[in-house]
1. Counting other Cβ atoms within 10 Å of each Cβ, which GluC sites (Glu not before Pro) in the range 1-41 have at most 13 and sit in a DSSP loop?
2. For the pair K5 and C52, what calculated FRET efficiency results from E = 1/(1 + (r/R0)^6), where r is the Cβ-Cβ distance and R0 = 30 Å, to the nearest 0.05?
3. Using just the C-alpha positions of the range 10-61 as equal point scatterers, what log10 of I(q)/I(0) does the Debye formula give at each q in 0.23, 0.26 1/Å?
4. Report the gain in length on full extension from H21 to R62: 0.36 nm times residue separation, minus Cα-Cα distance, nm rounded to one decimal.
5. If you put +1 on each Lys and Arg Cβ and -1 on each Asp and Glu Cβ, how big is the dipole of the range 10-61 around its Cα centre, in Debye rounded to 20?
6. Need the full-extension length gain, K12 to Q34, defined as separation in residues times 0.36 nm minus the C-alpha distance. One decimal, nm.
Amino acid sequence: MKIIKEGQLPDKQIFRGTCSHCKTQFECERWEGQYENHQRDGDFLRVDCPLCSKSAIAYPARGGSLIGQDQRSGSWIDR
Ligand SMILES: [Zn+2]
């Protein structure tokens, strides 16, 4: 079979967030956290901060992964 246009596996969806405790900015895939979908607030991911291990929230990233790219060219979602 031939793929005409490649989609995205839900588990591979990229999320980005900033830890409210230590201000670490991080990027992760959906499977790494607990996915939640709220009617009012949209979808987000509940994850453990990679630095301080406290609970943090990540939001869907637009424009794909920044891993391996110059992070200054990407915009972090700051909510
Ligand atoms: Zn943290």
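Taken together, the values in this text are just the output of simple stated rules run on the coordinates, not laboratory data. Model, not experiment: these values are computed from the prediction. All Cβ positions, glycine included, derive from the backbone under ideal geometry; neighbour counts span all protein chains shown.
1. Working: sites: E6, E27, E29, E32, E36; in loops: E6.
Of the GluC sites (Glu not before Pro), the ones in loops of the range 1-41 whose Cβ has at most 13 other Cβ atoms within 10 Å are E6.
2. 0.15
3. Calculated log10 I(q)/I(0) at the listed q: -0.77, -0.95.
4. Full extension of this stretch gives 12.4 nm more.
5. Roughly 180 debye for the range 10-61.
6. Length difference between fully extended and current span is 6.6 nm.
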